[in-house]
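What follows is a single structure, written as structure tokens, with notes after it.
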Amino acid sequence: MPAMTQAPLPPDPLAALAPPEEQRRAARMAQDAFARVFRLSVEEDDAGRARGVAEVREALANWSAAGGGEAGPALRLAMLLSGLDQWGMAYSRAFGLNALPGLSELVGALRTGLDARAEARFLVQFEALGAAEENAVDFKIDLRRAIHLALWHGAIAAEERDEALRLAAELGGTLLAVAREMPALGWRLVADALAHIQVQCLAHGLAAEGPGREATEALFAALARELPPESRDAVMAHAAQAVAGWRQANRPH
């Protein structure tokens, strides 16, 4: 196993404010909220979208407010808004979306609902998320996993070969950026994505042929080619180990 796999991340200093399960819930809520406002943006008229956005805002605001103390609600809201922003950026790049009015309206409503003190506390926690890789690490892992798998599902669902390859290339670029921007955690997120892709292929027979298979093979080949050697070896070994563990757990007894 490459040496870099042996280096554990430092403890998460934000875990005292938001335990791991709470962080994972924030990632799921951001994903669900994005999916809802995405549908509202493309399927509803202005009035229907406004009603739907108001419902999502209320649910997110209520969950944020239920955090402990003064910093807890601010961190919950920071995770939700960070997650919404990352989903929006990923989909805008991958699918060429010029605007998602429901997302803009939701983010704006969540921010404008804060008074001056709450806004200041929110900004402190939002900055803390990006201050170190290990800050809210469970949130980051679950959020990025969901985004990466969504992009891959988009690639293998594409009917046209060129579109499938384009989306796979977009995902590859996203994964390479994660590895580059997060020296300690990034390669683990890449390995996590590749392991989950392989497991879904094995478990559900996905990307077995046609453009989906070609796109998936192109993704793996590009990462093997473009990742720095140390990161590449660690990613491939970690992903292979995870897939082997899944095979073992699902072997008929």
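The values are calculated or read from the model by the stated rules, or taken from the named source; none is laboratory data. Keep in mind that what you see is a predicted model, and the values were worked out from it rather than measured. Heads up, the Cβs are rebuilt from the backbone with ideal geometry, glycines too, and the neighbour counts pull from every protein chain shown. With ligands, DNA and RNA removed, areas are computed over all heavy atoms of the protein, side chains included. Shrake-Rupley method; radii C 1.70, N 1.55, O 1.52, S 1.80 Å.
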Check: Which residue, V53, V42, V243, has the most motion in a Gaussian network model of the chain that connects Cα atoms within less than 10 Å?
Finding: V42
Margin query: Just to be sure I understand the model, the point goes 7 Å from the Cα along the line to the Cβ. What's the resulting D85 to L202 distance in nm?
Written below: 3.7 nm
Note to self: Output wanted: per-residue J couplings in Hz (rounded whole) for the stretch 116-129, from phi through Karplus 6.51 cos²θ - 1.76 cosθ + 1.60, θ = phi - 60°, x for Gly and Pro.
What the structure shows: 4, 5, 5, 5, 5, 5, 4, 4, 4, 6, 5, 5, 5, 4
Check: Any idea how far the Cα center of the stretch 14-43 sits from the one of the stretch 156-172, in Å?
Finding: 26 Å
Item checked: Surface share of carbon and sulfur [accessible, 1.4 angstrom probe, percent] for the stretch 1-159 -> 54 percent
Note to self: Can you tell me the orientation of helix 210-226 relative to the chain, as the angle in degrees between its alpha-carbon axis and the longest Cα principal axis, to the nearest 10?
What the structure shows: 90 degrees
Note to self: Given R₀ = 25 Å, what would the calculated FRET efficiency be for R180 paired with L97, taking r from the Cβ atoms and rounding to 0.05?
What the structure shows: 0.55
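Which value, in debye to the nearest 20, describes the size of the charge dipole of the chain about its Cα centre when Lys and Arg Cβ atoms bear +1, Asp and Glu Cβ atoms bear -1, and nothing else is charged?
Numbers: 25 positive and 33 negative charges, 88 e Å.
For the chain, the charge dipole is close to 420 debye.
Can you tell me the accessible area per residue over the stretch 97-200, all protein chains present, probe 1.4 angstrom, in square angstrom?
Solvent-accessible surface per residue comes out at 44 Å².
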Notebook entry, point to check: Taking the Cα centre of the stretch 18-131 as origin and charging only Cβ (+1 Lys, Arg; -1 Asp, Glu), how large is the dipole, in debye to the nearest 20?
Noted result: 220 debye
Check: Roughly how big is the stretch 137-252's charge dipole about its Cα centre, with Cβ charges of +1 (Lys, Arg) and -1 (Asp, Glu), in debye to the nearest 20?
Finding: 400 debye
Check: Can you pull the accessible area of R161 for me, 1.4 Å probe, Å² to the nearest 10?
Finding: 120 Å²
Check: So, in Å, what gap is there between the alpha-carbon centers of the stretch 111-139 and the stretch 234-253?
Finding: 36 Å
Next item on the list: Compute the normalised compactness of the stretch 18-131: alpha-carbon radius of gyration over 2.2 N^0.38 Å, N being the residue count.
Entry: 1.04
Next item on the list: With everything on Cα atoms, drop me the angle between helix 161-181 and the longest principal axis of the chain, reported from 0 to 90° to the nearest 10.
Entry: 70 degrees
Next item on the list: Any chance you could give the angle, 0 to 90 degrees and rounded to 10, that helix 186-204 forms with the longest Cα principal axis of the chain?
Entry: 70 degrees
Note to self: With a 1.4 Å probe and all protein chains left in place, how much accessible area per residue does the stretch 52-96 have, in Å²?
What the structure shows: 37 Å²
Check: GNM on the chain, C-alpha springs below 10 Å: top fluctuator among Q86, Q241, Q31?
Finding: Q241
